[in-house]
Amino acid sequence: MTYTLNFAAVWRSFDLLLQGLALSLGLALVAILAGCVIGLITAFGLVSKSVLLRKAAGLYVTIIRNTPILVLVLFSYFALPELGVRLGKIESFVLTLAIYSGAYLAEVFRGGLIAVPPGQREAGLAIGLTEMQIRTSIIIPLMLRNVLPSLGSTMISLFKDTSLAAAIAVPELTFEARKINVETFRVIETWIVASCLYVATCSLLAALMRAVERRLAVPR
Amino acid sequence: MTNLLEIRDLHKRYGTVEVLKGVDCAMRQGEVISIIGSSGSGKTTMLRCINMLEEFQGGTIAIDGQEIGYETAGGVRRRKPEREIARQRAMTGMAFQQFNLFPHMTAAANVMLGLVKVKKMGRDEARTLAEKWLDRVGLLSRKDHYPGQLSGGQQQRVAIARAIAMNPKLMLFDEVTSALDPELVNEVLQVIKALAEDGMSMLIVTHEMRFAYEVSSRVIFMNQGRIGEEGNPREMFLKPQTERLAEFLKTSTFN
Amino acid sequence: MDFGFLDQLWVARIPLLKGLGVSISISLLSIVVGTVLGVFVGLALTYGYRPVQWLVRGYTDFIRGTPVLVLVLASYYVLSTVGIDLGPFQAGVLALAVFCSSHVGELVRGALQSIPKGQTEAAKAIGLTFPQTFAYVLGPQALRQALPAWVNTAAEMVKASTLLSIIGVGELLLRTQEVISRTFMSLEFYFFAGFLYFVINYGIERFGRYVERKTAVPS
């Protein structure tokens, strides 16, 4: 093996990688926030009394969960314009990731919803709260506490999925890494640094979620 | 004068199983009525119909002359709008077997929730009222504790405070001591007794025969979805008129 | 979809079918290799000596913290740089297998650790050695526990196989893109490819449910 490690070239482009990481985080943040809204609505659909709502929500989740995200990303960027929906790269990707994450988050939230004892709703009804008030003051707060651990891992895996944006040339971390790889030929260094950035960010996110979990834990 | 509670020919089915087969019952302001009977007799179901936690298919329930849950227009019976039902539910207060305190809220916040969200009270006013009622059930010192930090008896007392703070016309107690360790039963019964002495109108589903005997102005014995017998506790417990009640009392313990 | 699409689909049937075959090969190979690796990873995480545990924990944490696409790209570019000349197919399968192994490793560890301590103690009490305990008591219980999730991992690998299109492996998605660049029917062909993936994964998902029912301990 005649290859010697030399990080100098990668350090020179480190700013690019950091910018890429910032964009990755930005994409993830917007997509997951939108995904949480979609997921929450879908989750209530999944546990709804109405068969129609349950079926509709279930169909959405099943389709998304069983389709590769890369196909979805390419589909919305290259095929949707044929239907008259023309979006920029970033918008198209964020939209795709939001819809994609919505399905996974819906499953997470559903699990949390069915873990809230029915007595909680009844107690809310008994003091005269409306169904909406019960949802916002009782069920959603309890559900969120139930799901925090799996919510954390879902968010981390969605953050990693932002790497797929590289496939449509969104200049996020993976795209920048590949560019530096091709331009500098410092192959090993580039990928070590890029992976480390991902791993570090994921660990940071995990630590953040654990802190939130501790913060929100109900004292007993 | 209209009765506080008037139930007429109440019918309730789960699918094809009829659990209430025509219950009639009238209750005056200030009465304390205990409902006894074996499990499956329909006593809890009847209680839950009064605040529409259960739907019912026939008959009417009225509180203060107001029909609960359903309205009949042009011969068609339909469920009232959710908002209206929510308002009607606030006329009654309910304490549950499993307490059902909101685990993510302190004792005070549990009591305040309905005051703020339903009664649209300001937070300060709600807090003052919550503290007053927590004091009444002897738990003012625990107002900032979470349910998980309280014993079962304490949780049930908070739950009673939460219901009573809403100033209901009628309190419903659904086997409130059944989930408690024996040594915690008494503190809860004391709270209910004190409320009875204050003139609160109460419907109490219970297995505690001695308590029912002591606290009630009237006792209703439910049997197979109907009222099997009713009367004042002395006569009921000492001279049961029906075979069924005599049988039931024989298998219950007085302590 | 008009006749134009069906005509084009017929014209493109051979490359698409070949692509599908490649996708399935990628998935199967990476699942098999990844599972074998993953069982060792899981055993090391549960029963390994401390330093071994740390080492393997570092491996899985690193793999699980890195996007699969980065693993695929890194495997493709890095291996050739250090003189291991693998084609994109082998490099890609290797990356997916490594990814799979970290997931299977966690599954195996989780399953083994979820078995109550009393089971090992009971086995010891009747005089079983550790290998015997593992073979007759722990292994079967862990297998039951891990099997449904393992089937889901298989579906993950099918989905991840699409990433190999980015390094030029002629699997279903790349073949689809090639057909699109010739026919400009992106809507129809992406939809078609998505549908094929859906059918495969939905089948796996249903199978997973079936396995879950079958492996549930009667109670």
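The values are calculated or read from the model by the stated rules, or taken from the named source; none is laboratory data. Here the structure is a predicted model, which means the values were calculated and not measured. Cβ: placed from backbone, ideal geometry, glycine included. Neighbour counts: every protein chain shown.
Brief remarks follow.
- Considered as a group, the residues in segment C:140-176 that are farther than 25 Å from A:Leu158 by Cα and crowded, with 16+ Cβ neighbours inside 10 Å include one that is farthest from the other protein chains (Cβ to nearest Cβ), and that residue is C:Gln141.
- Answer from A:Ala103, A:Ala79 - the residue that is facing chain C (nearest Cβ under 10 Å), part of a helix (DSSP H, G or I), in contact with a helix residue (DSSP H, G or I) (Cβ under 8 Å, 6 or more places away or on another chain) and crowded, with 19+ Cβ neighbours inside 10 Å: A:Ala79
- Complete set of residues in segment C:100-144 that are among the aromatic types (Phe, Trp, Tyr) and over 18 Å from C:Thr215 (Cα atoms): C:Phe130, C:Phe134
- Single residue of A:Leu52, A:Leu40 found to be more than 18 Å from the chain's Cα centre (by Cα) and farther than 20 Å from C:Ala193 by Cβ: A:Leu52
- Selected residue (only one of B:Thr128, B:Thr44 is part of a helix (DSSP H, G or I) and closer than 25 Å to B:Val185 by Cα): B:Thr44
- In segment B:170-179, residue farthest from the chain's Cα centre (by Cα) [restricted to those that are among the hydrophobic types (A, V, I, L, M, F, W, C) and over 16 Å from B:Met209 (Cβ atoms)]: B:Ala179
- Restricting B:Met94, B:Met105 to residues that are facing chain A (nearest Cβ under 10 Å), out of contact with any Ser or Thr (no Cβ under 6 Å at 6 or more places or on another chain) and in a loop (DSSP other than H, G, I, E, B) narrows the list to B:Met105.
- Tally of residues being at the interface with chain C (Cβ under 9 Å from one of its Cβ atoms) and either surrounded by fewer than 21 Cβ atoms within 10 Å (Cβ to Cβ) or of a type in the set (D, E, K, R) (or both) across segment A:168-181: 1
- Single condition A:Leu129 does not satisfy, out of (1) buried (at least 21 other Cβ atoms within 10 Å of the Cβ); (2) among the aliphatic types (A, V, I, L, M); (3) over 30 Å from B:Leu170 (Cα atoms): (3)
- Hey, B:Glu125 surrounded by fewer than 15 Cβ atoms within 10 Å (Cβ to Cβ) and under 15 Å from B:Val111 (Cα atoms) or not: yes
- For segment C:184-201, the criterion of being more than 14 Å from every other protein chain (Cβ to nearest Cβ) and either at pLDDT 90 or above or within 16 Å of the chain's Cα centre (by Cα) (or both) is met by none of the residues.
- Scanning segment C:110-138 for residues that are part of a helix (DSSP H, G or I) and surrounded by 16 or more Cβ atoms within 10 Å (Cβ to Cβ) turns up C:Gly110, C:Ala111, C:Leu112, C:Thr120, C:Ala123, C:Thr133, C:Phe134, C:Val137, C:Leu138.
- Restricting the search to strands (runs of 3 or more DSSP E) fully inside segment B:164-255 and requiring at least 3 residues that are of a type in the set (A, V, I, L, M, F, W, C) and touching an Asp or Glu at 6+ places or on another chain (Cβ under 9 Å) gives B:202-205, B:218-223.
- Any hit, segment B:69-86, residues being within 7 Å of chain A (Cβ to nearest Cβ), more than 30 Å from B:Leu150 (Cβ to Cβ) and not in a strand (DSSP E or B): yes
- Taking first residues from segment B:26-55 that are within 26 Å of B:Asp198 (Cα to Cα) and more than 14 Å from chain A (Cβ to nearest Cβ) and partners that are of a type in the set (Asp, Glu) and surrounded by fewer than 22 Cβ atoms within 10 Å (Cβ to Cβ), the Cβ contacts under 6 Å between residues at least 6 apart in sequence or on separate chains come to B:Ala26/B:Glu6.
- Test result for B:Gly199, at pLDDT 90 or above, in contact with a Gly (Cβ under 8 Å, 6 or more places away or on another chain) and closer than 23 Å to B:Gly40 by Cβ: no
- Selection status of B:Glu243, without any contact (Cβ under 8 Å) to a residue 40 or more places away in the chain, of a type in the set (Asp, Glu) and under 26 Å from B:Gly30 (Cβ atoms): no
- Test: residue in segment A:25-47 that is within 12 Å of chain C (Cβ to nearest Cβ) and touching a residue at least 40 places away in the same chain (Cβ under 8 Å): yes
- Residue match in segment C:79-100 (condition: within 14 Å of chain A (Cβ to nearest Cβ) and within 17 Å of C:Leu45 (Cβ to Cβ)): yes
- Filtering segment A:205-220 to residues that are facing another protein chain (nearest Cβ under 10 Å) and either under 21 Å from C:Gly83 (Cβ atoms) or not small (Gly, Ala, Ser) (or both) leaves A:Leu205, A:Leu216, A:Val218, A:Pro219, A:Arg220.
- Within this structure, C:Val41 fails the test of being more than 24 Å from A:Trp191 (Cβ to Cβ) and of a type in the set (Val, Ile, Thr).
- Filtering segment C:31-77 to residues that are away from chain A (no Cβ under 14 Å) and either polar (S, T, N, Q) or closer than 30 Å to C:Leu196 by Cβ (or both) leaves C:Ile31, C:Val32, C:Val33, C:Gly34, C:Thr35, C:Val36, C:Leu37, C:Gly38, C:Thr46, C:Gln53.
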